Amino acid sequence: MLLTRILTSVEDLNRYSELYFTKSGILVKLSYLKNSHVRIFYKVNNPDKWIAGYVQNGNGDLRYFQSLPSSRNNDFVAQMGVVATDILETGCTFIDRMSPLERHQVYLTLIAEAYMSGKAVLLGGSIIPKVQNYQMLTMPHLLIEEKMEFDGKEILMKQYYGFRSEFLRSSMALFLREFREITVHSLVKTLKRIKVAFRHSQTSISH
């Protein structure tokens, strides 16, 4: 089980910005983080090492749209059928290597906070194909798909959204499916260990 807290101090927010930059190569401004909801996760025996985190912003000043012309922003907001302040943007996410159950704790916390925000539309995006595929299971409507230069390579950037009701439904279905897979996998591993231990005990008895 991971511990978690919300960052509020300038020192912590600056640290988050620096940490995210080292992991993604993308700079997140302190002014954006100060006006957002920033959560980190850590292990109880190592509170100084942040192993996961995300940022949620629902104030209408959407970071994903900042590099686009305002006319295009308006078109996208109109496409979603809401005003900008009805949108919750989730981004600046990082998850280090951890157990499947710990990873699900991070995602469940993100899902719960997104739903409890009361926002009508949830907006996400990524340049990482694995993250794109996972997030689009819960935010299935593609908004932007563009090639861009990143770290000397051409990558495909995607932004997508989902409505609050479908986001919760699809998120919980995805979680339950993966939790069953984790449970079955853990059970198989446990049975294998028991089998090996039993064989070892039989060999010891025979000697």
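The values are calculated or read from the model by the stated rules, or taken from the named source; none is laboratory data. In this text, all values refer to a predicted model and were calculated from it rather than measured experimentally. In this analysis, Cβ positions are derived from the backbone assuming ideal geometry, glycine residues included, and neighbour counts consider all displayed protein chains.
Is it true that Leu27 is under 22 Å from Ile127 (Cα atoms), surrounded by fewer than 12 Cβ atoms within 10 Å (Cβ to Cβ), among the aliphatic types (A, V, I, L, M) and under 19 Å from the mean Cα position of the chain (by Cα)? So Leu27 fits the description; yes.
Checking every residue in the range 52-73 against the condition of being on the phi < 0 side of the Ramachandran plot, at pLDDT 90 or above and aliphatic (A, V, I, L, M) gives at least one match. Checked against the criteria, Asp48 does not count as within 18 Å of the chain's Cα centre (by Cα), surrounded by fewer than 17 Cβ atoms within 10 Å (Cβ to Cβ) and modelled with pLDDT of 85 or more.
Look at the range 4-22: where a residue is in contact (Cβ under 8 Å) with a residue 60 or more places away in the chain and closer than 21 Å to Glu102 by Cβ and a partner is in a helix (DSSP H, G or I) and of a type in the set (S, T, N, Q), sitting 6+ places away or on another chain with Cβ atoms under 9 Å, you get Thr4/Gln105; Thr4/Thr109. Of the conditions (1) crowded, with 18+ Cβ neighbours inside 10 Å; (2) modelled with pLDDT under 90, Leu88 fails just one. Which one is it? Exception for Leu88: condition (2). Taking the criterion of being touching a helix residue (DSSP H, G or I) at 6+ places or on another chain (Cβ under 8 Å), farther than 27 Å from Val44 by Cα and buried (at least 18 other Cβ atoms within 10 Å of the Cβ), the residues of the range 91-137 that qualify are Lys119, Val121, Leu122, Leu123, Gly124, Gly125, Ser126.
For Gly81, the requirement of being out of contact with any Ser or Thr (no Cβ under 8 Å at 6 or more places or on another chain), surrounded by fewer than 12 Cβ atoms within 10 Å (Cβ to Cβ), farther than 18 Å from Met139 by Cα and at pLDDT below 85 is not met. Scanning the range 145-192 for residues that are at pLDDT 80 or above, farther than 19 Å from Asn57 by Cα and of a type in the set (A, V, I, L, M, F, W, C) yields a count of 2.
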